[in-house]
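Here is the structure we will look at, set down as structure tokens.
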Amino acid sequence: MIRKCDENDFEAIWEIINDGAQAYNGVIPRGRWRKPYMSQDELRHEIRDGVQFWGFEEDGVLTGVMGIQPVKHVTLIRHAYVRTQRQRAGIGTRLLAHLRTLASGPVLVGTWADASWAIQFYQKHGFRLAPREEKNALLRRYWTVPDEQAAVSVVLVD
């Protein structure tokens, strides 16, 4: 079941993000990887900044989360993660399909350039990689990321 997350889901969201982010270890630049991948303070900041999380629940337990954030005239998909043991079971696909129905304007996704599995996932669902110049302009306009992270990131556009 897909449902909107609330403050009671905070711990589960944080656990899912950090569990799913294990895939980045050894893939993304060393200076960007840390454990936990996202601190609770960072997650609180993201929520305060307007990221609304939706979750996929199975037998009363959240197994995947995906955030949506309206920014100016686009919608960003943020922090899409599935518990490691439930990956490749269609959870991300179902969450993405649901969030796209809630989006207004173009939908954008940012991820690490070396996260080939994530890029392929979004391409499979109709997103295209933005060329470098467009990517840089989109990152500056809709995200707040350090230049070092922007250099090793990609943006996908629906």
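The values are calculated or read from the model by the stated rules, or taken from the named source; none is laboratory data. Given the structure is predicted, the values throughout are model-derived calculations rather than measurements. Positions of Cβ are generated from backbone atoms using ideal geometry, with glycine treated the same way; all protein chains shown enter the neighbour counts. Ligands, DNA and RNA are excluded from the accessible area calculation, which covers all protein heavy atoms including side chains. Shrake-Rupley method; radii C 1.70, N 1.55, O 1.52, S 1.80 Å.
A few notes on this one:
- Anisotropy class of the range 75-126 from Cα gyration tensor, a/c 1.5 cut: oblate
- Simple Cβ-charge dipole of the chain, Lys/Arg +1 and Asp/Glu -1, about Cα centre, in debye nearest 20: 520
- Computed over protein heavy atoms with a 1.4 angstrom probe, the accessible surface ordering of GLU134, GLU148, largest first, is GLU148, GLU134.
- Applying the criteria of a DSSP loop state and at most 16 other Cβ atoms within 10 Å to the trypsin sites (Lys or Arg not before Pro) of the range 1-76 yields ARG34, LYS72.
- Built amide H within the under 5 Å cut-off of GLU58, gap 5+: THR63
- Cα gyration tensor category, rounded, prolate or oblate, for the chain with a/c compared to 1.5: rounded
- Between ALA137 and GLN40, full extension at 0.36 nm per residue minus the direct alpha carbon distance yields a gain of 32.0 nm.
- Shape call, the range 98-155: gyration tensor on alpha carbons, a/c limit 1.5: oblate
- Loop-resident trypsin sites (Lys or Arg not before Pro) (DSSP state other than H, G, I, E or B) in the range 77-146 with no more than 14 further Cβ atoms inside 10 Å of their Cβ: ARG88.
- Each residue of the range 25-36 is assigned a 3J(HN,Hα), and the resulting list reads 4, x, 10, 7, x, 3, x, 9, 8, 7, 10, x Hz, derived from the Karplus form 6.51 cos²θ - 1.76 cosθ + 1.60 (θ = phi - 60°), x at Gly and Pro.
- Taking the chain and dividing mean pair separation by its residue count, relative contact order in percent (alpha carbons under 8 Å, at least six apart): 21
- Structure-based [θ]222 nm, the chain - -39500 (n - 2.57) summed over DSSP H runs of at least 4, per residue, nearest 500: -10500 deg cm²/dmol
- Cα centroids of the range 93-158 and the range 1-42: 18 Å apart.
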